[in-house]
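S.K.: Let me begin by handing over the structure; questions about it come next.
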Amino acid sequence: MSDNYVQAIQTVDVASGGMKVVELNGRELVICNYAGSFYAIDRRCGHMNAPLEMGTLEGSILTCAMHCAQFDITTGEALSGPVPAYLGNETPPPRIGAFLKNAGLFMQHVRTESIGTYKTKVESGWVLVAL
C-alpha cells in the first residue's frame, strides 16, 4: 500500500457511527466514521464475502449482517467467526432446526479472515484514502 491519497467522500456524508460505500480505483471500500475519526476498510466480509456496510457499527466493532462475524475497523482484525442468530426461547420447526444445525456444522469449518484497512486523512472536509 502506498501513501498516494485519493479523495473518497466528504466528511459530512457519513454521520458518526455510520458507514458509506465508495469505489476507488476499482476497489470497493467502506468508509466508517467512528467518533469523528474515519477508517477505510475492504467492503467484503472475511467470512463469506458479504457486503459489510449492511452490518452494524458499534464503536470500532463492525458486525457483518450475514453471519455476525465481527471485525475491528481500526486494524481489520477478525474478532470472531460467525455465530448463529438468536432464536429466542422458541423451538424452530423441525425442518428449520435441521437446516440451522447443518449450516452451523458447515460454518464452523469456514475460516474468517481479517479484512484490509487503508490509511485515511481529512483535508478541507474530505476523507482521503491511501491506495
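The values are calculated or read from the model by the stated rules, or taken from the named source; none is laboratory data. Just so you know, these numbers come straight off a predicted model, no measurement behind them. All Cβ positions, even for glycine, are placed from backbone atoms using ideal geometry, and neighbour counts span all protein chains on display.
S.K.: Which is part of a loop (DSSP other than H, G, I, E, B) and modelled with pLDDT of 90 or more, of Gly76, Gly46?
M.R.: Selected residue: Gly76, the only one of Gly76, Gly46 that is part of a loop (DSSP other than H, G, I, E, B) and modelled with pLDDT of 90 or more.
S.K.: Here are the criteria: (1) under 24 Å from Ser16 (Cβ atoms); (2) out of contact with any strand residue (DSSP E or B) (no Cβ under 6 Å at 6 or more places or on another chain). Tell me which single one Ser60 does not satisfy.
M.R.: Only one criterion is unmet by Ser60, namely (2).
S.K.: I would also like to ask the following. Taking the residues in the range 67-83 that are closer than 15 Å to Asp42 by Cβ and hydrophobic (A, V, I, L, M, F, W, C) as candidates, determine which candidate is surrounded by the most Cβ atoms within 10 Å (Cβ to Cβ).
M.R.: Phe71
S.K.: Which count do you get for residues in the range 61-73 that are part of a loop (DSSP other than H, G, I, E, B) and either under 13 Å from Thr112 (Cβ atoms) or under 8 Å from the mean Cα position of the chain (by Cα) (or both)?
M.R.: Residues that pass the stated criteria total 6.
S.K.: Same structure, new question: How about the range 1-43: which of its residues are surrounded by 13 or more Cβ atoms within 10 Å (Cβ to Cβ) and either on the phi > 0 side of the Ramachandran plot or outside any strand (DSSP E or B) (or both)?
M.R.: Result: Thr11, Asp13, Val14, Gly17, Gly18, Arg43.
S.K.: Follow-up. So which pairs qualify, if the first residue must be in the range 59-80 and over 13 Å from Asn49 (Cβ atoms), the second must be among the acidic types (Asp, Glu), the Cβ gap must be under 6 Å, and the two must be at least 6 apart or on different chains?
M.R.: Ser60/Asp72; Leu79/Asp72
S.K.: From Ala50, Ala98, which residue is surrounded by 14 or more Cβ atoms within 10 Å (Cβ to Cβ), among the small types (Gly, Ala, Ser) and either out of contact with any strand residue (DSSP E or B) (no Cβ under 9 Å at 6 or more places or on another chain) or under 25 Å from Arg27 (Cβ atoms) (or both)?
M.R.: Ala50
S.K.: Okay, next question. Give all pairs with beta carbons closer than 9 Å in which a residue from the range 104-131 that is under 20 Å from Gln70 (Cα atoms) and surrounded by fewer than 12 Cβ atoms within 10 Å (Cβ to Cβ) meets a residue that is modelled with pLDDT of 90 or more and not β-branched (Val, Ile, Thr); count only pairs at least 6 apart in sequence or on separate chains.
M.R.: Every condition considered, the pairs that remain are Arg111/Ala78.
S.K.: Examine the range 91-98 for a residue that is under 30 Å from Gln7 (Cα atoms) and at pLDDT below 90, and state whether such a residue exists.
M.R.: no
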